[in-house]
Amino acid sequence: MNETERQLHERERAKLGPGTGVSLKPKDAATLILIDRSGKLPRVLMGKRHHAHKFMPGKYVFPGGRLDAADRAIKPFDDLGEICARRLAQNVVKWSAGRGRALALASIRETAEETGLLIGKEDANGVTSKADAWSPFVSKKIRPSLSALTFVARAITPPKRPKRFDTRFFLADRADIGAEIPGIVGTETELVSLDWLTFDDAQEVELPNITKVVLREIADRLKTGEMTRPAPFYFYRPGGFQRKLLD
């Protein structure tokens with residue numbers, strides 16, 4: 001890491017400082033970053049959260065949320081790539097391949113719930129699930145594709161925050177969308193708007209600090225073409241946020 005990168009990370013650590021209150025155990029969560037590279041400049045899908053939400057009201061975010069029990073029972077079209085699976089397993093207690101697969105599936109499910117976009121491939125056998133959250137995949141006969149995902153970052157919410165998540169960030173291309181459910185986003189839904197923004201424009205809207213950090217990471221990957229380079233892991237230790245690379 002050169003001096004400029006080190007200074008940037010130190011500034012971001014300061015922004016991501018801890019709050020106050022009782023420290024909760026972080027819950028497994030997953031986020032999906034969709035990129036459209038069909039135009040002159042790559043664009044990223046961002047959703048604006050409803051202003052009435054207690055958690056990050058009005059901010060632009062990537063689709064995502066907590067791991068659900070139903071995610072563990074879904075049979076995907078294909079599996080995670082070897083590099084992706086290996087990095088997911090690092091710095092985790094009681095890890096299993098099933099847990100990594102479920103986290104990837106959670107990112108796909110949450111994206112479908114919040115945007116209506118289904119990442120996967122057509123499959124005559126479809127998906128078998130009684131969970132309402134997976135019903136779009138059942139009806140459209142789309143089986144989620146895990147090989148479409150690249151694991152690009154991990155971040156744990158600092159202690160003493162009202163909500164804490166151990167979030168894995170995955171990247172996928174717009175071309176990996178297998179189907180779309182219309183009418184998901186509206187004035188009274190979790191995300192009130194969806195926007196495909198250039199990376200420069202995305203830095204100008206109201207974002208959570210960790211989202212800014214991850215956006216810079218993705219923009220640099222796209223600029224250098226190093227899409228599979230090590231994934232940063234952000235976590236708090238006394239004295240500030242730490243950044244470790246998962247290789």
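The values are calculated or read from the model by the stated rules, or taken from the named source; none is laboratory data. Since we're looking at a predicted model, the values are computed, not measured. Backbone-built Cβ (ideal geometry, glycine too); neighbour counts: all protein chains shown.
Given the residues Leu191, Leu215, which is the only one that is in contact with a helix residue (DSSP H, G or I) (Cβ under 6 Å, 6 or more places away or on another chain), under 21 Å from Arg43 (Cβ atoms) and at pLDDT below 95?
Details: Leu215 fails: at pLDDT below 95.
Exactly one of Leu191, Leu215 is in contact with a helix residue (DSSP H, G or I) (Cβ under 6 Å, 6 or more places away or on another chain), under 21 Å from Arg43 (Cβ atoms) and at pLDDT below 95, namely Leu191.
Taking residues in region 180-192 that are farther than 13 Å from Pro63 by Cα and small (Gly, Ala, Ser), and partners anywhere that are modelled with pLDDT of 90 or more and surrounded by 11 or more Cβ atoms within 10 Å (Cβ to Cβ), the pairs with Cβ atoms closer than 8 Å and at least 6 places apart or on different chains are Gly183/Gly116; Gly186/Val192.
Against the criterion of being under 15 Å from the mean Cα position of the chain (by Cα), of a type in the set (S, T, N, Q) and under 24 Å from Phe235 (Cβ atoms), Ser107 qualifies.
Scanning region 178-224 for residues that are farther than 23 Å from Leu246 by Cβ, in a helix (DSSP H, G or I) and of a type in the set (Asp, Glu) yields a count of 2. When region 62-99 is filtered for residues that are closer than 16 Å to Arg168 by Cα, in contact with a strand residue (DSSP E or B) (Cβ under 9 Å, 6 or more places away or on another chain), surrounded by fewer than 18 Cβ atoms within 10 Å (Cβ to Cβ) and in contact (Cβ under 8 Å) with a residue 24 or more places away in the chain, the ones remaining, listed by number, are Arg66, Gly81, Ile83, Gln90, Asn91, Arg99. Is there a residue in region 147-157 that is among the charged types (D, E, K, R) and within 16 Å of the chain's Cα centre (by Cα)? Within region 147-157 (the criterion being among the charged types (D, E, K, R) and within 16 Å of the chain's Cα centre (by Cα)), the answer is yes, since at least one residue qualifies. Can you spot a residue in region 226-245 that is surrounded by fewer than 17 Cβ atoms within 10 Å (Cβ to Cβ), among the polar types (S, T, N, Q) and without any contact (Cβ under 8 Å) to a residue 40 or more places away in the chain? Looking for residues that are surrounded by fewer than 17 Cβ atoms within 10 Å (Cβ to Cβ), among the polar types (S, T, N, Q) and without any contact (Cβ under 8 Å) to a residue 40 or more places away in the chain, one finds none in region 226-245, hence no.
Which residue, of Lys130, Lys160, is in a loop (DSSP other than H, G, I, E, B), closer than 26 Å to Gly183 by Cβ and of a type outside the set (A, V, I, L, M)?
Details: Lys160 fails: closer than 26 Å to Gly183 by Cβ.
From the options Lys130, Lys160, the qualifying one is Lys130.
Could you please let me know if Pro57 is assigned to a loop (DSSP other than H, G, I, E, B), out of contact with any Gly (no Cβ under 7 Å at 6 or more places or on another chain) and either small (Gly, Ala, Ser) or surrounded by 14 or more Cβ atoms within 10 Å (Cβ to Cβ) (or both)? Taking the combined requirement at face value, the residue does not satisfy it.
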